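The values are calculated or read from the model by the stated rules, or taken from the named source; none is laboratory data. This one's a predicted model, so the numbers in the text were calculated from it and none came from an experiment. Every residue, glycine as well, gets a Cβ built from its backbone with ideal geometry; the counts of neighbours run over all protein chains shown. These area figures cover heavy atoms from the full protein model, side chains too; ligands, DNA and RNA do not enter into them. Shrake-Rupley method; radii C 1.70, N 1.55, O 1.52, S 1.80 Å.
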Amino acid sequence: SNGQVSGESGESSFILAYVMSFMLYLALLLYGTQVMSSVLEEKSNRIMEVLVSSLSPFELMLGKVLGVGSVALLQLGIWSGTAKLLTSQRVAIAGLLGAAPSDAMSMPIPAISGSLLVVYLTFFVLGFFLYAGAYAAVAATCSTQQEAQQAALPVTLCIVVGLLLMFSLLDEPNGTLARTMSLIPLFAPFVTPVRYSLSPLPLTEVLASAGLT
């Protein structure tokens, strides 16, 4: 009732929160920088000059983010499907490894509800669009890969801070810090899904966080 994680569910909630945040962190670093590199490549090869003659800059950026984002979502689906298969067959896998079935069943495997999955996917997409757009904007102002890497450091630091904030939310997911971070677009994709996994939030709070992002 006070927004704190109970000892009974704390370990399972921590696993779920950590996995969700780390998957978003990994996707942003891998595919956000891929968007940045793609923009730089098109600038250096003068392909951009040909494309902007028939497309608006917004359409060009949107197509690039959508294309790379679709690949990211496909890989996320593969990871999630594999995790689901491994957890559902953990007793058989434990037997093959020589472990007792009872040990496998006692492992704290968190369950992902339908509402949590919707919240996570929503903020994954919003977070990816936000940071991929930021990486694309950085690349648009640079001429070389070295310049882009230096200019993108603030964006990368925001992603790292978003991941680290997760640990401060585990004990008090409905505290003042957690509520504040949920309303800051740069951190909401990390904070809001983790908060929801630990202590389901009111719909109005989720919609406010998503709308601002």
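Condition check ((1) open to solvent by 70 Å² or more (accessible area, probe 1.4 Å); (2) under 15 Å from the mean Cα position of the chain (by Cα); (3) at pLDDT below 90) across all residues:
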{"residue": "S102", "(1), (2), (3)": "yes, no, yes"}
{"residue": "S106", "(1), (2), (3)": "yes, no, yes"}
{"residue": "P110", "(1), (2), (3)": "no, no, yes"}
{"residue": "F124", "(1), (2), (3)": "no, yes, yes"}
{"residue": "A132", "(1), (2), (3)": "no, yes, yes"}
{"residue": "S143", "(1), (2), (3)": "yes, no, yes"}
{"residue": "L164", "(1), (2), (3)": "yes, yes, yes"}
{"residue": "Y196", "(1), (2), (3)": "no, yes, yes"}
{"residue": "L207", "(1), (2), (3)": "yes, no, no"}
Taking the stated definitions as given, is Q4 open to solvent by 80 Å² or more (accessible area, probe 1.4 Å), among the polar types (S, T, N, Q) and modelled with pLDDT under 75? yes
Those residues of region 39-56 which are assigned to a helix (DSSP H, G or I), open to solvent by 30 Å² or more (accessible area, probe 1.4 Å) and modelled with pLDDT of 80 or more amount to E41
Considering residues that are open to solvent by 40 Å² or more (accessible area, probe 1.4 Å) and farther than 23 Å from L40 by Cα, the number found within region 148-162 is 2
Residue set P154, P185; condition in a loop (DSSP other than H, G, I, E, B) and within 27 Å of M61 (Cβ to Cβ); output residue P185
Taking first residues from region 72-89 that are over 24 Å from A132 (Cβ atoms) and second residues anywhere that are assigned to a loop (DSSP other than H, G, I, E, B) and modelled with pLDDT under 75, the pairs with Cβ under 9 Å that are 6 or more apart or on different chains are K84/I112; T87/M107; T87/I109
Practice problem: Taking P200 as the residue in question, decide whether it is in a loop (DSSP other than H, G, I, E, B), open to solvent by less than 40 Å² (accessible area, probe 1.4 Å) and in contact (Cβ under 8 Å) with a residue 60 or more places away in the chain. | Solution: no
| message | Is it the case, given these coordinates, that S80 is part of a loop (DSSP other than H, G, I, E, B), at pLDDT below 80 and more than 17 Å from V138 (Cβ to Cβ)? | response | no
- Is at least one residue of region 12-20 crowded, with 20+ Cβ neighbours inside 10 Å, part of a helix (DSSP H, G or I), modelled with pLDDT of 85 or more and not polar (S, T, N, Q)? no
